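Q: Sharing a structure, written as C-alpha coordinates. Questions coming.
The values are calculated or read from the model by the stated rules, or taken from the named source; none is laboratory data. Predicted model only: the values in this text are computed from it and were never measured. Methodologically, a virtual Cβ is constructed for each residue, glycine included, from the backbone with ideal geometry; neighbour enumeration extends over all protein chains shown. In case anyone asks, the SASA skips ligands and DNA or RNA and just uses the protein heavy atoms, side chains included. Shrake-Rupley method; radii C 1.70, N 1.55, O 1.52, S 1.80 Å.
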Amino acid sequence: MANKTAGGNNAFHNFNNDFAHIEDPNERRRLALAEIDKAPFGWYHVRACLVAGTGFFTDSYDIFCVSLLTIMLGVVYRQDNKGALTTPQDTAIKLATSAGTVIGQVGFGALADIVGRKKMYGLELILIIWATLAQALSGPGPGTHIVGLIIFWRVLMGIGIGGDYPLSSIITSEFATTKWRGAMMGAVFAMQGFGQLGGALVMLILTAGFKGSLSTAAKYQNCTGACLEATDRMWRALIGIGIVPAAIALYYRLTIPETPRYTFDVARDVEKANADVNTYISGKKGEGDVDAIQQATARRASVAALEVPKASWSDFFRFYSRIRNGKILFGTAMSWLLLDVAFYGLGLNSSTVLGAIGYGNGNNMYETFYNLAAGNCILICAGAIPGYWLAVATIDTVGRKPLQLIGFVFLTILFLVWGFAYHKISSHGMLAIYVLIQLFFNWGPNTTTFIVPGECFPTRYRSTSHGISAGSGKIGSIIAQGAIAPLRTRGHVTDKDKSPWLNHVMQIFSAFMFAGIFTTLLIPETKRRTLEDLANDWDMGGESITGAEFAQAHKNETGSDEAPVDLK
(Lines give C-alpha, C1' and ligand atoms only; values in the text may rest on other atoms or scores of the structure.)
Protein backbone atom coordinates (compact mmCIF):
# COMPACT_ATOMS: atom_id res chain seq x y z
CA MET A 1 0.00 0.00 0.00
CA ALA A 2 1.27 3.48 -0.85
CA ASN A 3 2.18 5.89 1.92
CA LYS A 4 -0.36 8.60 2.65
CA THR A 5 0.53 12.24 2.12
CA ALA A 6 -0.53 15.41 3.86
CA GLY A 7 -3.12 17.80 2.46
CA GLY A 8 -6.73 17.81 1.32
CA ASN A 9 -9.98 18.82 2.93
CA ASN A 10 -13.72 18.25 2.54
CA ALA A 11 -13.92 20.55 -0.47
CA PHE A 12 -10.84 19.29 -2.29
CA HIS A 13 -9.82 15.74 -1.49
CA ASN A 14 -6.25 14.51 -1.51
CA PHE A 15 -6.75 11.90 -4.22
CA ASN A 16 -3.39 10.30 -3.50
CA ASN A 17 -4.84 9.33 -0.11
CA ASP A 18 -8.29 8.49 -1.50
CA PHE A 19 -6.87 5.98 -4.00
CA ALA A 20 -3.65 4.92 -2.23
CA HIS A 21 -5.19 1.70 -0.91
CA ILE A 22 -6.30 0.61 -4.41
CA GLU A 23 -3.69 -1.57 -6.08
CA ASP A 24 -5.48 -2.15 -9.38
CA PRO A 25 -4.25 0.62 -11.74
CA ASN A 26 -7.42 0.33 -13.85
CA GLU A 27 -9.61 1.08 -10.85
CA ARG A 28 -7.38 3.97 -9.74
CA ARG A 29 -7.56 5.38 -13.26
CA ARG A 30 -11.34 5.05 -13.35
CA LEU A 31 -11.82 6.74 -9.98
CA ALA A 32 -9.40 9.59 -10.72
CA LEU A 33 -10.95 10.38 -14.10
CA ALA A 34 -14.42 10.19 -12.58
CA GLU A 35 -13.39 13.03 -10.25
CA ILE A 36 -12.60 15.20 -13.28
CA ASP A 37 -15.82 14.19 -15.04
CA LYS A 38 -18.10 15.07 -12.13
CA ALA A 39 -16.18 18.04 -10.71
CA PRO A 40 -18.28 21.20 -10.19
CA PHE A 41 -17.58 23.99 -12.65
CA GLY A 42 -14.88 26.20 -11.13
CA TRP A 43 -12.09 28.68 -11.74
CA TYR A 44 -9.75 25.98 -13.03
CA HIS A 45 -12.23 25.32 -15.85
CA VAL A 46 -12.44 29.04 -16.64
CA ARG A 47 -8.64 29.25 -16.68
CA ALA A 48 -8.37 26.34 -19.12
CA CYS A 49 -10.90 28.00 -21.43
CA LEU A 50 -9.12 31.37 -21.29
CA VAL A 51 -5.68 29.88 -22.00
CA ALA A 52 -6.97 27.91 -24.99
CA GLY A 53 -9.38 30.63 -26.11
CA THR A 54 -6.74 33.37 -26.28
CA GLY A 55 -4.92 31.31 -28.88
CA PHE A 56 -8.09 30.97 -30.95
CA PHE A 57 -8.62 34.73 -30.71
CA THR A 58 -5.16 35.16 -32.24
CA ASP A 59 -5.76 32.47 -34.88
CA SER A 60 -9.00 34.05 -36.04
CA TYR A 61 -7.55 37.56 -36.03
CA ASP A 62 -4.63 36.44 -38.20
CA ILE A 63 -6.75 34.38 -40.60
CA PHE A 64 -9.62 36.75 -41.27
CA CYS A 65 -7.77 40.06 -41.48
CA VAL A 66 -6.32 38.76 -44.76
CA SER A 67 -9.27 40.17 -46.74
CA LEU A 68 -8.27 43.66 -45.54
CA LEU A 69 -4.55 42.90 -45.89
CA THR A 70 -4.73 42.04 -49.60
CA ILE A 71 -6.63 45.26 -50.35
CA MET A 72 -3.96 47.39 -48.67
CA LEU A 73 -1.11 45.44 -50.24
CA GLY A 74 -2.69 46.12 -53.62
CA VAL A 75 -2.80 49.84 -52.89
CA VAL A 76 0.84 50.01 -51.77
CA TYR A 77 2.43 47.57 -54.22
CA ARG A 78 -0.11 48.00 -57.02
CA GLN A 79 0.15 45.14 -59.47
CA ASP A 80 -2.46 46.39 -61.94
CA ASN A 81 -3.69 49.77 -63.10
CA LYS A 82 -6.49 49.82 -60.52
CA GLY A 83 -4.34 49.77 -57.41
CA ALA A 84 -4.95 46.14 -56.55
CA LEU A 85 -3.20 42.77 -56.49
CA THR A 86 -3.87 40.50 -59.43
CA THR A 87 -6.44 37.76 -58.83
CA PRO A 88 -3.77 34.99 -58.70
CA GLN A 89 -1.73 37.01 -56.16
CA ASP A 90 -4.78 37.70 -54.00
CA THR A 91 -5.75 34.02 -54.12
CA ALA A 92 -2.21 32.81 -53.36
CA ILE A 93 -1.91 34.95 -50.22
CA LYS A 94 -5.27 33.69 -48.95
CA LEU A 95 -4.36 30.09 -49.79
CA ALA A 96 -0.99 30.32 -48.04
CA THR A 97 -2.40 30.33 -44.53
CA SER A 98 -4.74 27.43 -45.27
CA ALA A 99 -1.93 25.38 -46.80
CA GLY A 100 0.23 25.90 -43.72
CA THR A 101 -2.71 25.18 -41.45
CA VAL A 102 -3.23 21.72 -42.99
CA ILE A 103 0.41 20.84 -42.24
CA GLY A 104 0.14 22.18 -38.69
CA GLN A 105 -3.13 20.43 -37.89
CA VAL A 106 -2.02 16.99 -39.01
CA GLY A 107 1.59 17.37 -37.80
CA PHE A 108 0.96 18.88 -34.37
CA GLY A 109 -2.05 16.60 -33.92
CA ALA A 110 0.07 13.48 -34.41
CA LEU A 111 2.95 14.80 -32.30
CA ALA A 112 0.59 15.57 -29.40
CA ASP A 113 -0.36 11.88 -29.33
CA ILE A 114 3.27 10.78 -29.63
CA VAL A 115 5.16 13.04 -27.20
CA GLY A 116 2.28 14.53 -25.20
CA ARG A 117 -0.03 17.54 -25.22
CA LYS A 118 2.08 19.60 -22.80
CA LYS A 119 5.32 19.32 -24.79
CA MET A 120 3.66 20.65 -27.95
CA TYR A 121 1.40 23.29 -26.37
CA GLY A 122 2.99 26.70 -26.66
CA LEU A 123 5.37 25.76 -29.48
CA GLU A 124 2.69 26.53 -32.05
CA LEU A 125 2.14 29.95 -30.43
CA ILE A 126 5.87 30.73 -30.61
CA LEU A 127 5.76 29.94 -34.34
CA ILE A 128 2.73 32.23 -34.81
CA ILE A 129 4.46 35.12 -32.96
CA TRP A 130 7.68 34.73 -34.94
CA ALA A 131 5.98 34.48 -38.37
CA THR A 132 3.57 37.35 -37.62
CA LEU A 133 6.39 39.68 -36.60
CA ALA A 134 8.42 38.78 -39.69
CA GLN A 135 5.37 39.32 -41.88
CA ALA A 136 4.74 42.80 -40.47
CA LEU A 137 8.38 43.80 -41.09
CA SER A 138 8.61 42.40 -44.63
CA GLY A 139 9.51 44.58 -47.60
CA PRO A 140 10.49 43.99 -51.22
CA GLY A 141 14.06 44.10 -52.50
CA PRO A 142 15.93 43.62 -55.78
CA GLY A 143 15.76 39.85 -55.41
CA THR A 144 12.44 39.51 -53.59
CA HIS A 145 8.80 40.30 -54.14
CA ILE A 146 6.42 41.39 -51.38
CA VAL A 147 3.78 38.86 -52.41
CA GLY A 148 6.29 35.99 -52.23
CA LEU A 149 7.51 37.11 -48.80
CA ILE A 150 3.98 37.41 -47.42
CA ILE A 151 3.10 33.97 -48.78
CA PHE A 152 6.20 32.43 -47.17
CA TRP A 153 5.54 33.89 -43.73
CA ARG A 154 1.80 33.16 -43.88
CA VAL A 155 2.54 29.50 -44.61
CA LEU A 156 4.70 29.34 -41.45
CA MET A 157 2.08 31.26 -39.49
CA GLY A 158 -0.53 28.82 -40.79
CA ILE A 159 1.47 25.86 -39.47
CA GLY A 160 1.35 27.42 -36.00
CA ILE A 161 -2.35 28.22 -36.31
CA GLY A 162 -3.02 24.67 -37.47
CA GLY A 163 -1.31 23.23 -34.40
CA ASP A 164 -3.64 25.22 -32.17
CA TYR A 165 -6.74 23.40 -33.39
CA PRO A 166 -6.12 19.84 -32.13
CA LEU A 167 -4.12 20.94 -29.09
CA SER A 168 -6.66 23.44 -27.74
CA SER A 169 -9.57 21.13 -28.47
CA ILE A 170 -8.01 18.05 -26.87
CA ILE A 171 -6.60 19.79 -23.81
CA THR A 172 -9.97 21.44 -23.13
CA SER A 173 -11.95 18.23 -23.60
CA GLU A 174 -9.60 16.13 -21.46
CA PHE A 175 -9.72 18.62 -18.58
CA ALA A 176 -13.47 19.33 -18.86
CA THR A 177 -16.31 18.12 -16.69
CA THR A 178 -18.64 15.79 -18.62
CA LYS A 179 -21.75 17.86 -17.97
CA TRP A 180 -20.35 21.06 -19.52
CA ARG A 181 -17.64 19.70 -21.82
CA GLY A 182 -19.43 20.91 -24.96
CA ALA A 183 -19.92 24.41 -23.52
CA MET A 184 -16.26 24.63 -22.48
CA MET A 185 -15.01 23.55 -25.90
CA GLY A 186 -17.57 25.82 -27.56
CA ALA A 187 -16.43 28.78 -25.46
CA VAL A 188 -12.84 28.22 -26.57
CA PHE A 189 -13.92 28.09 -30.21
CA ALA A 190 -16.23 31.09 -29.78
CA MET A 191 -13.16 33.26 -29.27
CA GLN A 192 -12.87 33.09 -33.05
CA GLY A 193 -15.77 35.53 -33.23
CA PHE A 194 -13.99 38.02 -30.98
CA GLY A 195 -10.82 37.54 -33.03
CA GLN A 196 -12.69 38.47 -36.21
CA LEU A 197 -14.21 41.46 -34.43
CA GLY A 198 -10.78 42.46 -33.10
CA GLY A 199 -9.36 42.59 -36.61
CA ALA A 200 -12.25 44.76 -37.84
CA LEU A 201 -11.97 47.11 -34.83
CA VAL A 202 -8.21 47.53 -35.27
CA MET A 203 -8.82 48.38 -38.94
CA LEU A 204 -11.48 50.87 -37.88
CA ILE A 205 -9.11 52.56 -35.41
CA LEU A 206 -6.25 52.66 -37.93
CA THR A 207 -8.53 54.16 -40.57
CA ALA A 208 -9.67 56.87 -38.16
CA GLY A 209 -6.07 57.57 -37.18
CA PHE A 210 -4.95 58.11 -40.78
CA LYS A 211 -8.14 59.89 -41.89
CA GLY A 212 -6.34 63.02 -43.13
CA SER A 213 -3.94 61.09 -45.35
CA LEU A 214 -6.52 58.64 -46.70
CA SER A 215 -9.02 61.37 -47.60
CA THR A 216 -6.63 62.80 -50.21
CA ALA A 217 -7.26 59.90 -52.64
CA ALA A 218 -10.59 59.18 -54.30
CA LYS A 219 -9.70 55.64 -55.43
CA TYR A 220 -7.05 53.02 -54.76
CA GLN A 221 -5.10 53.86 -57.92
CA ASN A 222 -4.96 57.57 -56.93
CA CYS A 223 -3.28 56.87 -53.57
CA THR A 224 0.18 58.48 -53.59
CA GLY A 225 2.47 60.34 -51.21
CA ALA A 226 1.06 60.60 -47.68
CA CYS A 227 -1.84 58.31 -48.56
CA LEU A 228 0.51 55.58 -49.76
CA GLU A 229 2.69 55.89 -46.65
CA ALA A 230 -0.37 55.73 -44.40
CA THR A 231 -1.68 52.58 -46.10
CA ASP A 232 1.74 50.92 -45.82
CA ARG A 233 1.83 51.64 -42.09
CA MET A 234 -1.75 50.44 -41.69
CA TRP A 235 -1.27 46.95 -43.07
CA ARG A 236 1.89 46.44 -41.01
CA ALA A 237 0.15 47.59 -37.83
CA LEU A 238 -2.92 45.46 -38.58
CA ILE A 239 -0.79 42.32 -38.87
CA GLY A 240 1.67 43.16 -36.09
CA ILE A 241 -0.96 43.80 -33.41
CA GLY A 242 -1.93 40.14 -33.70
CA ILE A 243 1.20 39.33 -31.66
CA VAL A 244 -0.22 40.93 -28.48
CA PRO A 245 -2.82 38.29 -27.45
CA ALA A 246 -0.45 35.49 -28.45
CA ALA A 247 2.30 36.88 -26.21
CA ILE A 248 -0.15 37.15 -23.29
CA ALA A 249 -1.18 33.49 -23.62
CA LEU A 250 2.31 32.07 -24.17
CA TYR A 251 3.41 31.82 -20.52
CA TYR A 252 0.24 30.02 -19.46
CA ARG A 253 0.50 27.56 -22.32
CA LEU A 254 4.10 26.68 -21.56
CA THR A 255 3.25 26.04 -17.88
CA ILE A 256 0.01 24.08 -18.33
CA PRO A 257 0.19 20.51 -16.90
CA GLU A 258 -0.10 17.39 -19.00
CA THR A 259 -3.66 16.08 -19.21
CA PRO A 260 -4.26 13.17 -16.78
CA ARG A 261 -5.88 11.15 -19.55
CA TYR A 262 -2.71 11.25 -21.63
CA THR A 263 -0.60 10.41 -18.57
CA PHE A 264 -2.86 7.46 -17.76
CA ASP A 265 -3.59 6.06 -21.20
CA VAL A 266 -0.49 6.80 -23.28
CA ALA A 267 2.36 7.52 -20.85
CA ARG A 268 0.80 4.85 -18.55
CA ASP A 269 2.03 6.66 -15.44
CA VAL A 270 -0.68 6.05 -12.84
CA GLU A 271 1.02 7.81 -9.92
CA LYS A 272 1.81 10.95 -11.87
CA ALA A 273 -1.69 11.10 -13.34
CA ASN A 274 -3.27 10.77 -9.88
CA ALA A 275 -1.09 13.61 -8.57
CA ASP A 276 -1.97 15.81 -11.55
CA VAL A 277 -5.69 15.21 -11.01
CA ASN A 278 -5.29 16.24 -7.38
CA THR A 279 -3.47 19.45 -8.33
CA TYR A 280 -5.91 20.37 -11.09
CA ILE A 281 -9.09 19.81 -9.09
CA SER A 282 -7.61 21.78 -6.20
CA GLY A 283 -7.34 24.78 -8.51
CA LYS A 284 -3.55 24.97 -8.20
CA LYS A 285 -1.15 25.75 -11.04
CA GLY A 286 1.43 23.36 -12.39
CA GLU A 287 1.81 19.62 -12.00
CA GLY A 288 1.40 17.31 -9.05
CA ASP A 289 4.32 16.05 -6.95
CA VAL A 290 4.91 12.33 -6.73
CA ASP A 291 7.47 10.07 -5.09
CA ALA A 292 9.95 9.04 -7.82
CA ILE A 293 10.49 5.46 -6.56
CA GLN A 294 6.77 4.84 -6.11
CA GLN A 295 6.14 6.37 -9.54
CA ALA A 296 8.67 4.11 -11.26
CA THR A 297 7.34 0.99 -9.53
CA ALA A 298 3.73 1.79 -10.37
CA ARG A 299 4.56 2.66 -13.96
CA ARG A 300 6.35 -0.63 -14.52
CA ALA A 301 3.37 -2.53 -13.15
CA SER A 302 0.80 -0.51 -15.05
CA VAL A 303 2.41 -1.15 -18.45
CA ALA A 304 1.23 -4.73 -18.27
CA ALA A 305 -1.84 -4.27 -16.06
CA LEU A 306 -3.66 -1.34 -17.64
CA GLU A 307 -6.49 -2.52 -19.86
CA VAL A 308 -6.31 0.59 -22.04
CA PRO A 309 -5.13 -0.43 -25.54
CA LYS A 310 -1.57 0.45 -26.50
CA ALA A 311 -0.83 2.94 -29.27
CA SER A 312 1.24 1.76 -32.23
CA TRP A 313 1.26 2.19 -35.99
CA SER A 314 -0.13 -1.31 -36.54
CA ASP A 315 -2.87 -0.67 -33.98
CA PHE A 316 -3.70 2.67 -35.64
CA PHE A 317 -4.25 1.13 -39.06
CA ARG A 318 -6.02 -1.90 -37.62
CA PHE A 319 -8.24 0.38 -35.56
CA TYR A 320 -9.37 2.57 -38.44
CA SER A 321 -9.66 -0.29 -40.93
CA ARG A 322 -12.80 -1.31 -39.06
CA ILE A 323 -15.78 0.17 -40.89
CA ARG A 324 -17.56 1.34 -37.72
CA ASN A 325 -14.42 3.22 -36.66
CA GLY A 326 -13.36 4.51 -40.04
CA LYS A 327 -16.80 5.84 -40.92
CA ILE A 328 -16.82 8.15 -37.88
CA LEU A 329 -13.44 9.61 -38.83
CA PHE A 330 -14.73 9.97 -42.40
CA GLY A 331 -17.87 11.68 -41.06
CA THR A 332 -15.99 14.21 -38.91
CA ALA A 333 -13.43 14.92 -41.64
CA MET A 334 -15.85 15.27 -44.55
CA SER A 335 -18.36 17.34 -42.55
CA TRP A 336 -15.56 19.79 -41.74
CA LEU A 337 -14.33 19.86 -45.35
CA LEU A 338 -17.78 20.54 -46.80
CA LEU A 339 -18.48 23.25 -44.23
CA ASP A 340 -15.20 25.11 -44.76
CA VAL A 341 -15.71 25.37 -48.51
CA ALA A 342 -18.52 27.84 -47.86
CA PHE A 343 -17.33 29.19 -44.48
CA TYR A 344 -13.93 30.32 -45.73
CA GLY A 345 -15.22 31.05 -49.20
CA LEU A 346 -17.29 33.80 -47.59
CA GLY A 347 -15.12 34.69 -44.60
CA LEU A 348 -11.85 35.30 -46.43
CA ASN A 349 -13.69 37.36 -49.03
CA SER A 350 -15.99 39.30 -46.72
CA SER A 351 -14.69 42.61 -48.07
CA THR A 352 -15.49 41.48 -51.61
CA VAL A 353 -18.97 40.39 -50.57
CA LEU A 354 -19.53 43.69 -48.75
CA GLY A 355 -18.54 45.56 -51.90
CA ALA A 356 -20.83 43.43 -54.06
CA ILE A 357 -23.86 44.16 -51.87
CA GLY A 358 -23.09 47.88 -51.59
CA TYR A 359 -21.34 48.11 -48.20
CA GLY A 360 -17.73 48.45 -49.33
CA ASN A 361 -17.76 51.71 -51.28
CA GLY A 362 -17.06 55.38 -50.51
CA ASN A 363 -16.26 58.75 -52.02
CA ASN A 364 -12.60 58.45 -51.02
CA MET A 365 -10.23 55.89 -49.55
CA TYR A 366 -11.02 56.89 -45.99
CA GLU A 367 -14.75 56.25 -46.51
CA THR A 368 -14.05 53.00 -48.39
CA PHE A 369 -11.77 51.61 -45.68
CA TYR A 370 -14.11 52.84 -42.95
CA ASN A 371 -17.16 51.23 -44.57
CA LEU A 372 -15.31 47.94 -45.08
CA ALA A 373 -14.19 47.84 -41.43
CA ALA A 374 -17.57 48.97 -40.08
CA GLY A 375 -19.37 46.53 -42.36
CA ASN A 376 -17.24 43.66 -41.05
CA CYS A 377 -18.01 44.73 -37.46
CA ILE A 378 -21.73 44.74 -38.22
CA LEU A 379 -21.64 41.31 -39.86
CA ILE A 380 -19.64 39.77 -37.03
CA CYS A 381 -21.71 41.31 -34.22
CA ALA A 382 -25.02 40.58 -35.90
CA GLY A 383 -24.36 37.01 -37.03
CA ALA A 384 -21.10 35.37 -36.04
CA ILE A 385 -20.77 36.20 -32.34
CA PRO A 386 -24.44 35.46 -31.46
CA GLY A 387 -24.13 32.18 -33.36
CA TYR A 388 -21.05 31.09 -31.42
CA TRP A 389 -22.62 31.81 -28.03
CA LEU A 390 -25.99 30.32 -28.92
CA ALA A 391 -24.02 27.15 -29.67
CA VAL A 392 -22.29 27.36 -26.28
CA ALA A 393 -25.67 27.76 -24.56
CA THR A 394 -27.41 24.87 -26.33
CA ILE A 395 -24.81 22.29 -27.28
CA ASP A 396 -24.96 20.33 -24.01
CA THR A 397 -28.77 20.20 -24.04
CA VAL A 398 -29.76 19.97 -27.71
CA GLY A 399 -26.69 17.93 -28.63
CA ARG A 400 -23.96 18.09 -31.23
CA LYS A 401 -25.55 16.03 -33.99
CA PRO A 402 -28.93 17.83 -34.08
CA LEU A 403 -27.23 21.26 -34.14
CA GLN A 404 -24.99 20.22 -37.01
CA LEU A 405 -27.85 18.66 -38.97
CA ILE A 406 -30.20 21.63 -38.53
CA GLY A 407 -27.36 24.03 -39.38
CA PHE A 408 -26.57 22.31 -42.67
CA VAL A 409 -30.27 22.27 -43.62
CA PHE A 410 -30.74 26.00 -43.03
CA LEU A 411 -27.46 26.86 -44.76
CA THR A 412 -28.52 24.87 -47.82
CA ILE A 413 -31.76 26.84 -48.00
CA LEU A 414 -30.11 30.25 -47.45
CA PHE A 415 -27.45 29.70 -50.10
CA LEU A 416 -30.11 28.50 -52.55
CA VAL A 417 -32.20 31.63 -51.98
CA TRP A 418 -29.16 33.90 -52.29
CA GLY A 419 -27.92 32.14 -55.43
CA PHE A 420 -31.14 31.87 -57.41
CA ALA A 421 -32.74 35.16 -56.32
CA TYR A 422 -29.47 37.13 -56.38
CA HIS A 423 -30.60 39.72 -58.93
CA LYS A 424 -34.00 40.21 -57.30
CA ILE A 425 -32.82 40.85 -53.73
CA SER A 426 -31.97 44.36 -52.53
CA SER A 427 -28.61 45.09 -50.88
CA HIS A 428 -30.36 45.17 -47.49
CA GLY A 429 -31.88 41.77 -48.23
CA MET A 430 -28.45 40.36 -49.13
CA LEU A 431 -27.01 41.74 -45.92
CA ALA A 432 -29.79 40.01 -43.96
CA ILE A 433 -29.06 36.69 -45.72
CA TYR A 434 -25.33 37.08 -45.04
CA VAL A 435 -26.01 37.66 -41.33
CA LEU A 436 -28.31 34.61 -41.15
CA ILE A 437 -25.69 32.47 -42.87
CA GLN A 438 -23.09 33.56 -40.31
CA LEU A 439 -25.56 32.77 -37.52
CA PHE A 440 -26.23 29.22 -38.71
CA PHE A 441 -22.58 28.58 -39.55
CA ASN A 442 -21.62 29.14 -35.93
CA TRP A 443 -24.83 27.97 -34.26
CA GLY A 444 -24.31 24.74 -36.11
CA PRO A 445 -21.58 22.92 -38.05
CA ASN A 446 -18.73 25.40 -37.60
CA THR A 447 -18.82 24.78 -33.84
CA THR A 448 -19.81 21.11 -33.84
CA THR A 449 -17.16 20.04 -36.36
CA PHE A 450 -14.57 21.41 -33.94
CA ILE A 451 -16.07 19.78 -30.83
CA VAL A 452 -17.03 16.25 -31.92
CA PRO A 453 -13.54 15.09 -33.08
CA GLY A 454 -12.18 16.18 -29.70
CA GLU A 455 -14.57 13.83 -27.91
CA CYS A 456 -15.46 10.73 -29.88
CA PHE A 457 -12.00 9.19 -30.37
CA PRO A 458 -9.89 7.26 -27.80
CA THR A 459 -7.13 9.13 -25.98
CA ARG A 460 -4.24 7.50 -27.82
CA TYR A 461 -5.52 8.76 -31.20
CA ARG A 462 -7.72 11.69 -30.16
CA SER A 463 -5.32 14.45 -31.18
CA THR A 464 -4.27 12.74 -34.43
CA SER A 465 -7.89 12.17 -35.41
CA HIS A 466 -8.84 15.76 -34.60
CA GLY A 467 -5.86 16.94 -36.66
CA ILE A 468 -6.95 14.82 -39.63
CA SER A 469 -10.51 16.16 -39.35
CA ALA A 470 -9.37 19.78 -39.02
CA GLY A 471 -6.85 19.36 -41.84
CA SER A 472 -9.65 18.11 -44.06
CA GLY A 473 -11.52 21.30 -43.25
CA LYS A 474 -8.63 23.43 -44.42
CA ILE A 475 -8.47 21.41 -47.62
CA GLY A 476 -12.06 22.58 -48.07
CA SER A 477 -10.84 26.13 -47.52
CA ILE A 478 -8.20 25.63 -50.21
CA ILE A 479 -10.85 24.32 -52.60
CA ALA A 480 -12.98 27.39 -51.86
CA GLN A 481 -10.13 29.85 -52.40
CA GLY A 482 -8.34 28.11 -55.26
CA ALA A 483 -11.17 26.73 -57.32
CA ILE A 484 -14.50 28.32 -56.39
CA ALA A 485 -13.97 31.89 -55.15
CA PRO A 486 -12.09 33.00 -58.30
CA LEU A 487 -15.17 32.03 -60.33
CA ARG A 488 -16.91 35.17 -59.03
CA THR A 489 -14.99 37.27 -61.60
CA ARG A 490 -16.17 35.24 -64.60
CA GLY A 491 -18.16 37.19 -67.16
CA HIS A 492 -18.10 40.92 -67.81
CA VAL A 493 -16.36 42.67 -64.88
CA THR A 494 -17.14 46.38 -64.46
CA ASP A 495 -16.50 48.99 -61.76
CA LYS A 496 -20.10 48.61 -60.64
CA ASP A 497 -20.15 44.82 -60.80
CA LYS A 498 -16.77 43.33 -59.86
CA SER A 499 -18.23 39.86 -59.13
CA PRO A 500 -20.66 39.05 -61.96
CA TRP A 501 -20.63 35.31 -61.21
CA LEU A 502 -21.15 35.61 -57.43
CA ASN A 503 -24.71 34.22 -57.64
CA HIS A 504 -23.43 30.96 -59.15
CA VAL A 505 -20.75 30.72 -56.45
CA MET A 506 -23.53 30.82 -53.85
CA GLN A 507 -25.35 28.03 -55.70
CA ILE A 508 -22.19 25.91 -55.59
CA PHE A 509 -21.90 26.55 -51.84
CA SER A 510 -25.48 25.32 -51.37
CA ALA A 511 -24.54 21.97 -52.94
CA PHE A 512 -21.70 21.53 -50.42
CA MET A 513 -24.04 22.35 -47.53
CA PHE A 514 -26.54 19.80 -48.82
CA ALA A 515 -23.84 17.11 -48.90
CA GLY A 516 -22.99 17.98 -45.28
CA ILE A 517 -26.43 16.75 -44.19
CA PHE A 518 -25.46 13.20 -45.15
CA THR A 519 -21.96 13.19 -43.66
CA THR A 520 -23.50 14.37 -40.37
CA LEU A 521 -25.42 11.10 -40.19
CA LEU A 522 -22.10 9.25 -39.77
CA ILE A 523 -21.04 10.99 -36.54
CA PRO A 524 -22.11 9.86 -33.03
CA GLU A 525 -23.91 11.95 -30.42
CA THR A 526 -21.42 12.71 -27.65
CA LYS A 527 -23.30 15.00 -25.29
CA ARG A 528 -22.91 14.27 -21.58
CA ARG A 529 -21.08 10.99 -22.12
CA THR A 530 -17.64 10.51 -20.59
CA LEU A 531 -14.65 10.28 -22.88
CA GLU A 532 -13.94 6.79 -21.51
CA ASP A 533 -17.50 5.69 -22.28
CA LEU A 534 -17.15 6.97 -25.83
CA ALA A 535 -13.74 5.29 -26.20
CA ASN A 536 -15.25 1.97 -25.08
CA ASP A 537 -17.69 2.20 -27.97
CA TRP A 538 -14.70 2.05 -30.27
CA ASP A 539 -12.63 -0.60 -28.52
CA MET A 540 -15.25 -3.18 -27.51
CA GLY A 541 -14.64 -5.16 -30.68
CA GLY A 542 -11.18 -6.26 -29.54
CA GLU A 543 -9.51 -4.75 -32.58
CA SER A 544 -6.78 -3.15 -30.44
CA ILE A 545 -4.09 -4.76 -28.36
CA THR A 546 -4.35 -4.31 -24.58
CA GLY A 547 -1.51 -3.48 -22.24
CA ALA A 548 -1.34 -7.06 -20.90
CA GLU A 549 -1.27 -8.52 -24.43
CA PHE A 550 1.45 -6.06 -25.44
CA ALA A 551 3.57 -7.01 -22.42
CA GLN A 552 3.14 -10.74 -23.17
CA ALA A 553 4.08 -10.22 -26.81
CA HIS A 554 7.18 -8.32 -25.68
CA LYS A 555 8.14 -11.16 -23.32
CA ASN A 556 7.66 -13.76 -26.06
CA GLU A 557 9.91 -11.78 -28.41
CA THR A 558 12.68 -10.87 -25.98
CA GLY A 559 12.39 -13.42 -23.20
CA SER A 560 12.58 -10.51 -20.74
CA ASP A 561 10.19 -9.53 -17.95
CA GLU A 562 11.37 -5.92 -18.18
CA ALA A 563 8.54 -3.49 -18.80
CA PRO A 564 8.63 -2.63 -22.51
CA VAL A 565 9.32 0.93 -23.58
CA ASP A 566 6.10 2.71 -24.56
CA LEU A 567 5.36 2.63 -28.23
CA LYS A 568 3.99 5.94 -29.33
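Q: Probe radius 1.4 Å, ligands and nucleic acids left out: which of Trp180, Trp501, Trp153 has the largest accessible area, and how do the rest follow? Kindly include the intermediate steps, with their values, before the conclusion.
A: On the way: Trp180 100, Trp501 70, Trp153 45 Å².
Output order, biggest surface exposure first: Trp180, Trp501, Trp153.
Q: Length gain on complete extension for the stretch Asp533 to Ser321, per 0.36 nm per residue less the alpha carbon to alpha carbon distance? Before the final figure, lay out each step's value.
A: Numbers: separation 212, 0.36 × 212 = 76.32 nm, distance 2.11 nm.
So the extension gain works out to 74.2 nm.
Q: Turning to a different aspect of this structure: Per-residue accessible area for Val505 at 1.4 Å probe radius, Å² rounded to 10?
A: Counting only protein heavy atoms, Val505 exposes about 10 Å² to solvent.
Q: If you take the square roots of the eigenvalues of the alpha-carbon gyration tensor of the stretch 162-220 and sort them as a ≥ b ≥ c, do you get rounded (a/c under 1.5), prolate (a/b over b/c) or oblate? Numbers along the way, then the final one.
A: On the way: a/c = 5.71, a/b = 3.69, b/c = 1.55.
Prolate, since a/c reaches 1.5 and a/b exceeds b/c.
Q: Same structure again: For Leu127, tell me the accessible area in Å² from a 1.4 Å probe, rounded to the nearest 10.
A: The accessible area comes out at roughly 40 Å².
Q: To continue, here is another question. For Ile126 and Ala237, calculate 0.36 nm times their separation in residues minus their Cα-Cα distance, and state this gained length in nm to one decimal.
A: Numbers: separation 111, 0.36 × 111 = 39.96 nm, distance 1.92 nm.
Going from the current span to full extension adds 38.0 nm.
Q: Where does each of Ile63, Ile378 land when they are ordered by accessible area, with a 1.4 Å probe and the largest first? Spell out each step's value before the answer.
A: On the way: Ile63 10, Ile378 95 Å².
The most accessible residue leads, giving Ile378, Ile63.
Q: Next up: Separation of the stretch 70-137 and the stretch 382-454 by C-alpha centroid, Å?
A: So the two Cα centres are separated by 26 Å.
Q: Just to make sure I understand: if all protein chains stay in place, what is the order of His145, His423, His45 by accessible area at 1.4 Å, largest first?
A: Values: His145 85, His423 140, His45 0 Å².
Accessible-area ranking of His145, His423, His45, largest first: His423, His145, His45.
Q: Once ligands and nucleic acids are excluded and a 1.4 Å probe is used, how much of Thr394 is accessible, expressed in Å² to the nearest 10?
A: 30 Å²
Q: Let me ask you something else. With label points built 7 Å along Cα→Cβ from the Cα atoms of Val244 and Thr144, find their separation and express it in nm.
A: In this crude spin-label approximation the distance works out to 2.6 nm.
Q: Considering only Cα-Cα distances, which of the following residue pairs are longer than 28 Å: Lys272/Lys327; Lys119/Lys474; Lys179/Lys401; Lys119/Lys401? Show your work: numbers first, answer last.
A: Values: Lys272/Lys327 35 Å; Lys119/Lys474 24 Å; Lys179/Lys401 17 Å; Lys119/Lys401 32 Å.
Exceeds cut-off: Lys272/Lys327; Lys119/Lys401.
Q: Please report the projected area of the stretch 392-453's Cα convex hull averaged over all directions, in nm². Kindly include the intermediate steps, with their values, before the conclusion.
A: Values: hull surface 17.3 nm².
Projected over every direction and averaged, the Cα hull of the stretch 392-453 covers 4.3 nm².
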